[in-house]
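Heads up: the structure comes next, in structure tokens.
The values are calculated or read from the model by the stated rules, or taken from the named source; none is laboratory data. What you are looking at is a predicted structure, and each value in this text was computed from that prediction instead of being measured. Virtual Cβ from ideal backbone geometry, glycine too; neighbours counted across all protein chains shown. Areas reflect the complete protein model, heavy atoms only, side chains present, ligands, DNA and RNA absent. Shrake-Rupley method; radii C 1.70, N 1.55, O 1.52, S 1.80 Å.
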Amino acid sequence: YRFANIVLTECEYMISENNFQKYGTKVGTLFVDVSRFVNKKPIYLRIYDIGFVGRFSKEKGIQNFLESLKLLDGSYNVILIGDGDEKNNVLRNSQSLKFTYIDWVENSMLSNHLNDIKLLVVPSYREGLPNTVLESMACGTPVLATPVGGIPGIIKDEDTGFIMDNNSPECIAANAIRALEHPDLEGVAQRARALVEREFTFERAMERWQEILWEVGDGRR
């Protein structure tokens, strides 16, 4: 890091969290196509109560998520979307569970699926700042996540989403219920969308790149 002109992180939170101030760190340039990822329907009209979208791998906490479904006693409509190294284990070990499974979908179609979900669960052990979280927020789909990577920088509990202490099955299940029963769930969804529109559009990313390149070039065009 000491030899770099500038170190980029995925959000402001990760600068202080990783003590990167001394490296001249700047916020990176993640962005979401907010014209594609849009809020198409209110939460009460959505088909699935809970969703998991992502890579089926151990670091994503997929097995913990499946165990949490057992604690919910089949009371909720659930959808899993994804693929990965743990796919066979996921499908083999979840035969007693009730959920809809869809293989990996193209990014161009993901917005339609996110708009069918009331709550996206991200039970990861580690992350940076997942695109799926930002895309979900842009679709007005509240996110329940573990406080890893840059996630706490954008998801404030009961404001722009929901944070759980850990990804144990018991914690996931309890917090999924808490989120779905929140009296202002639609407001959480609207504030999440507003945050993405404010900080993670293509235009905002270009502004940041201009600032970064200007500084690297010592103000020379």
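In nanometres, what is the gap between the two model label sites at N107 and A4, each 7 Å from Cα along Cα-to-Cβ?
Placing both labels 7 Å beyond Cα along the Cβ direction yields 2.1 nm.
Looking at the chain, identify the longest residue range that excludes and avoids all chymotrypsin sites (Phe, Trp or Tyr not before Pro) in DSSP loops having at most 13 other Cβ atoms within 10 Å.
Between the exposed loop sites, the longest stretch runs 4-221.
Counting pairs of alpha carbon atoms under 8 Å apart in space and at least six apart in sequence, what relative contact order in percent does the chain give?
Working: 390 pairs, mean separation 53.8, N = 221.
About 24 percent, as a whole number.
For E207 and Y44, what is the calculated FRET efficiency with R₀ set at 25 Å and r taken between the beta-carbons, to the nearest 0.05?
0.10
Determine the alpha carbon to alpha carbon distance for each of K26/K87; K98/K118; K41/K87; K60/K156; K26/K58; K60/K118 and list only those over 26 Å.
Numbers: K26/K87 37 Å; K98/K118 17 Å; K41/K87 30 Å; K60/K156 20 Å; K26/K58 31 Å; K60/K118 20 Å.
Over 26 Å Cα-Cα: K26/K87; K41/K87; K26/K58.
Under 1.5 on a/c is rounded, so check that first for the range 131-220, then, if it is not, pick prolate when a/b is larger than b/c and oblate when it is not; a ≥ b ≥ c are the square roots of the alpha carbon gyration tensor eigenvalues.
Judged from the Cα gyration tensor, the range 131-220 comes out prolate (a/c at least 1.5, a/b above b/c).
How much space per residue, in cubic angstrom, does the convex hull of the C-alpha atoms of the range 37-166 take up?
Dividing the Cα hull volume of the range 37-166 by its residues yields 100 Å³.
Using the C-alpha atoms of the range 27-87, what convex hull volume per residue, in cubic angstrom, is computed?
Dividing the Cα hull volume of the range 27-87 by its residues yields 148 Å³.
Protein chains only, probe 1.4 Å: how do S57, S96 rank by accessible area, largest first? If you can, show how the numbers build up before the last one.
Values: S57 15, S96 105 Å².
Result, largest first: S96, S57.
Please find the FRET efficiency linking S96 to T29, where r is the Cβ-Cβ separation and R0 is fixed at 41 Å, and quote it to the nearest 0.05. Please list the in-between numbers first.
Working: r = 44 Å, r/R0 = 1.07.
Here the calculated transfer efficiency is 0.40.
So which GluC sites (Glu not before Pro) in the range 99-149 are both in a DSSP loop and have at most 15 other Cβ atoms within 10 Å of their Cβ?
Loop-located and lightly packed - E106.
Taking every pair of distinct Cα atoms and averaging 1/r, then inverting, what Kirkwood hydrodynamic radius in Å comes out for the chain? Before the final figure, lay out each step's value.
Details: mean 1/r = 0.0551 Å⁻¹.
When all Cα pairs of the chain are included, the Kirkwood radius is 18.1 Å.
Find the relative contact order for the range 1-122 and round it to a whole percent, using C-alpha pairs within less than 8 Å whose residues are 6+ positions apart.
29 percent
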